[in-house]
Amino acid sequence: MQLARRGAVDHRGLAVSAWFGLMLVTMTIGPSSAAGCSFEPQGEGRVAAILDARSFRLEDGREIRLAGVEPAMPGQAKPSQIALSAILAGREVTLRGEDDAPDRYGRHTAFVFLADSETSVQSELLRQGQAVVSSDVTNKDCASLLMAAEAEGRQAKRGAWAGAAAIKNAESSDDILAGIGRFALVEGRVLSVRQTGATTYLNFGRNWTRDFAVTISRRAMPGVESAGLAVKSLEKRRIRVRGWVDARGGPRIEVLRAGQIELLDGN
């Protein structure tokens, strides 16, 4: 699945998935994680208008973007926008987040809760298959909660997950390259793990000028490994990786955190 690139401030340097030392897709939501995306209150308001698949305007004029998720259907965002409208239109909401400073476009990014609800709007969209977990959640409990909601939607084949093209095949380089500058989920088996200069490559093919690869910089490696991910151990393993598609030779996704990678063949 590919998602239209946001502004550079929104995506560079941030990444998330199932935070930890690698979570399985079959996660469950327990009481301890139910409040994982609560954070600090950032205000309240009534929704006046739905702007797109992940943003809306309050009656007081504030524009809010949903933190932690991306629309599930790039280029076909209408179903996700309709889903968001069904949840939020005309409703009173509470905003929570780690930082209430607006971005350079004047938008506030927040986790959104309906009045008197402990379930975030983000989690509901994920369960409906109308969103995927993005790359801007750094809180472990919140990331776990969102990933579990995404997994629920995927396993039930709801929304975007009803189609076969929701996740890119690592062997289909041309398909991945068609999404340069977009957020994508890619699955495949790592053929080899190699270090060249200051970069470690997870190679999914033998031709570096054509085949898909995941890159991890020397600067990012300590954080990745301290989260419990032994990068070398990924050789011959089947994984799912999420991030922004770039092209350096073949298609690339840069991993900045262990949470961008999920093991698909066991612990």
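The values are calculated or read from the model by the stated rules, or taken from the named source; none is laboratory data. On a predicted model such as this, the values are computed, not experimentally measured, just so you know. Neighbour counts run over all protein chains shown; Cβ positions are idealised from the backbone, glycine included. Ligands, DNA and RNA are stripped out before the accessible areas are found, and what is left, the full protein with its side chains, is counted by its heavy atoms. Shrake-Rupley method; radii C 1.70, N 1.55, O 1.52, S 1.80 Å.
For the stretch 62-83, the criterion of being surrounded by fewer than 16 Cβ atoms within 10 Å (Cβ to Cβ), of a type outside the set (Phe, Trp, Tyr) and more than 25 Å from Leu185 (Cβ to Cβ) is met by none of the residues. Scanning the stretch 247-267 for residues that are part of a loop (DSSP other than H, G, I, E, B) and out of contact with any strand residue (DSSP E or B) (no Cβ under 9 Å at 6 or more places or on another chain), we see that the one that is least open to solvent (accessible area, probe 1.4 Å) is Gly266. For beta carbons closer than 8 Å, sequence separation of 6+ or different chains, a first residue in the stretch 45-58 that is surrounded by fewer than 18 Cβ atoms within 10 Å (Cβ to Cβ) and a second that is of a type in the set (A, V, I, L, M, F, W, C) and outside any strand (DSSP E or B), the qualifying pairs are Asp52/Ala77. Can you say whether Gly61 is in a loop (DSSP other than H, G, I, E, B) and at pLDDT 90 or above, as far as the supplied structure shows? The answer is yes for Gly61. Residues in the stretch 64-90 that are within 17 Å of Leu125 (Cα to Cα), assigned to a loop (DSSP other than H, G, I, E, B) and of a type in the set (Gly, Ala, Ser): Ala67, Gly68, Ala72, Ala77, Ala89. Filtered by the rule that a residue be at pLDDT 90 or above, surrounded by 15 or more Cβ atoms within 10 Å (Cβ to Cβ) and in a loop (DSSP other than H, G, I, E, B), the stretch 96-110 gives a lone residue, Arg107. Of all residues in the stretch 115-129, those satisfying the criterion of being at pLDDT 95 or above, open to solvent by 30 Å² or more (accessible area, probe 1.4 Å) and under 17 Å from Phe56 (Cβ atoms) are Glu124, Gln128. The helices (runs of 4 or more DSSP H) located wholly in the stretch 130-237 that include 3 or more residues which are at pLDDT 95 or above and open to solvent by less than 40 Å² (accessible area, probe 1.4 Å) occupy 140-155.
When the criteria are applied in full, Val93 fails the requirement of being within 20 Å of the chain's Cα centre (by Cα), assigned to a strand (DSSP E or B) and modelled with pLDDT of 95 or more. Cβ separations smaller than 8 Å between residues 6+ apart or across chains give the following pairs from the stretch 104-120 residues that are touching a residue at least 40 places away in the same chain (Cβ under 8 Å) to residues that are open to solvent by less than 50 Å² (accessible area, probe 1.4 Å) and among the basic types (Lys, Arg): Arg107/Arg65; His108/Arg65; Thr109/Arg65; Ala110/Arg65.
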